[in-house]
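Below is one structure, written out as structure tokens; the observations come after it.
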Amino acid sequence: MTTYGINTHAVLPMRSEDSECSEMISQLLFGEFFQVITIKERWCYIHTFLDDYKGWVDRKMVSFIPDELYDVLASVTLPTLIKPIVEVDIDPDKERMILSAGSILPFYENGHFTLLEKTYYVPEESVAMPSLEPETNLISTAFSFLNVPYLWGGKNVLGMDCSGFVQIVFRINGILLPRDARLQILHGETVHSVEQVKSGDLAFFENAEGRVTHVGIALEGGEIIHESGRVRVDRLDDQGIFNEERGLYTHQLKAIKRYF
């Protein structure tokens, strides 16, 4: 029997193994839903819907949902939180929580939505349907995360890794990307040089063995916004990323891809 779940916490860590000591490989934001593949004592091995990712989550943090609700969520375009961080009121228990940009808000309408017998009140200016014009809004979305610190496996406003940053910026603007840079590079059309870049193209970088290890959002004029210690803007050329503060190239360019 197939089991499904949804995340009703601001952030739910996703781990490589069924242990709190194992590596955090990703996070689920509020409203992200998933298939539960295996239940092992206090852990669930899950497969996420939005980014096709697998990992372990703490069973006590999972809200299980019926098949019918999962099917509904999987069949519609869902409103998304677009402000970096938003305070949300919850009834009937008069609770409050903080949500991060990229959170999914099922059934949202006119400032609120109800999920699993709780009603959430979210300011309307903080919510939007994924944009149909990413070329207009994607870069402003990216700059709204400036100075967010680096966190391996993170994808919320208090800590992101490079591919998590890219994925959330694109999600808010209506484009669903895989979770990791090594998978993101498999999509899109190739751009052959930095001179041909349009703002919003993704630049990928490799290590000495040729493995994809970094990704950022390229900007016209030879710059890139990316997560490296913090979300920052650096110089980009056909060799890679040049960090002027350190006076050296920090990442070697592998490829540039265009998604819209």
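The values are calculated or read from the model by the stated rules, or taken from the named source; none is laboratory data. Everything numeric in this text was worked out from a predicted model, so none of it was measured. Using ideal geometry, Cβ is built from the backbone for each residue, glycine included, and neighbour counts are taken over all protein chains shown.
Every residue in segment 199-229 that is within 20 Å of Gly159 (Cα to Cα) and in contact with a Leu (Cβ under 8 Å, 6 or more places away or on another chain), please. Hits for segment 199-229 are Val215, Gly216, Ile217, Ile224, Ile225. Looking across Ile241, Ile168, Ile217, one residue alone is in contact with a Gly (Cβ under 6 Å, 6 or more places away or on another chain), hydrophobic (A, V, I, L, M, F, W, C) and under 18 Å from Tyr150 (Cα atoms). It is Ile168.
Every listed requirement among (1) more than 30 Å from Thr2 (Cα to Cα); (2) touching a helix residue (DSSP H, G or I) at 6+ places or on another chain (Cβ under 8 Å) is met by Ile139 save one, (2).
Can you tell me which residue within segment 176-208, out of those that are part of a loop (DSSP other than H, G, I, E, B) and of a type in the set (Gly, Ala, Ser), is nearest to Ile104 (Cα to Cα)? Per the criteria, the residue is Gly200. Taken over segment 134-193, residues that are among the hydrophobic types (A, V, I, L, M, F, W, C) and touching a strand residue (DSSP E or B) at 6+ places or on another chain (Cβ under 6 Å) amount to 15.
To keep it simple, each residue is scored yes or no on (1) closer than 23 Å to Ile82 by Cα; (2) among the basic types (Lys, Arg); (3) in contact with a His (Cβ under 6 Å, 6 or more places away or on another chain); (4) outside the structural domain of Leu146 (by TED's automatic domain parsing).
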position: Leu176; (1), (2), (3), (4): yes, no, no, no
position: Leu186; (1), (2), (3), (4): no, no, no, no
position: Val191; (1), (2), (3), (4): no, no, no, no
position: Val194; (1), (2), (3), (4): no, no, no, no
position: Arg230; (1), (2), (3), (4): yes, yes, no, no
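Among the residues of segment 134-159, the ones that are without any contact (Cβ under 8 Å) to a residue 12 or more places away in the chain and over 14 Å from Ser228 (Cβ atoms) come to 2 in all.
Looking at segment 63-119, which of its residues are among the hydroxyl-bearing types (Ser, Thr, Tyr) and surrounded by 12 or more Cβ atoms within 10 Å (Cβ to Cβ)? Those that are among the hydroxyl-bearing types (Ser, Thr, Tyr) and surrounded by 12 or more Cβ atoms within 10 Å (Cβ to Cβ): Ser63, Tyr70, Thr80, Ser100, Ser103, Tyr108, Thr114, Thr119. Yes or no: segment 14-25 includes at least one residue that is buried (at least 19 other Cβ atoms within 10 Å of the Cβ), over 22 Å from Thr77 (Cβ atoms), under 14 Å from the mean Cα position of the chain (by Cα) and of a type outside the set (Gly, Ala, Ser). Scanning segment 14-25 turns up at least one residue that is buried (at least 19 other Cβ atoms within 10 Å of the Cβ), over 22 Å from Thr77 (Cβ atoms), under 14 Å from the mean Cα position of the chain (by Cα) and of a type outside the set (Gly, Ala, Ser). Contact annotation: residue pairs with Cβ atoms under 7 Å, 6 or more positions apart or on different chains, pairing a residue in segment 37-52 that is in contact (Cβ under 8 Å) with a residue 12 or more places away in the chain and at positive phi with a partner that is surrounded by fewer than 19 Cβ atoms within 10 Å (Cβ to Cβ) and outside any strand (DSSP E or B), are Asp52/Pro178.
Restricting Ile104, Ile85, Ile90, Ile65 to residues that are among the β-branched types (Val, Ile, Thr), under 30 Å from Glu125 (Cβ atoms) and more than 23 Å from the chain's Cα centre (by Cα) narrows the list to Ile90. Of the residues in segment 197-208, at least one is of a type in the set (Gly, Ala, Ser), closer than 26 Å to Met129 by Cβ, outside the structural domain of Pro84 (by TED's automatic domain parsing) and modelled with pLDDT of 95 or more.
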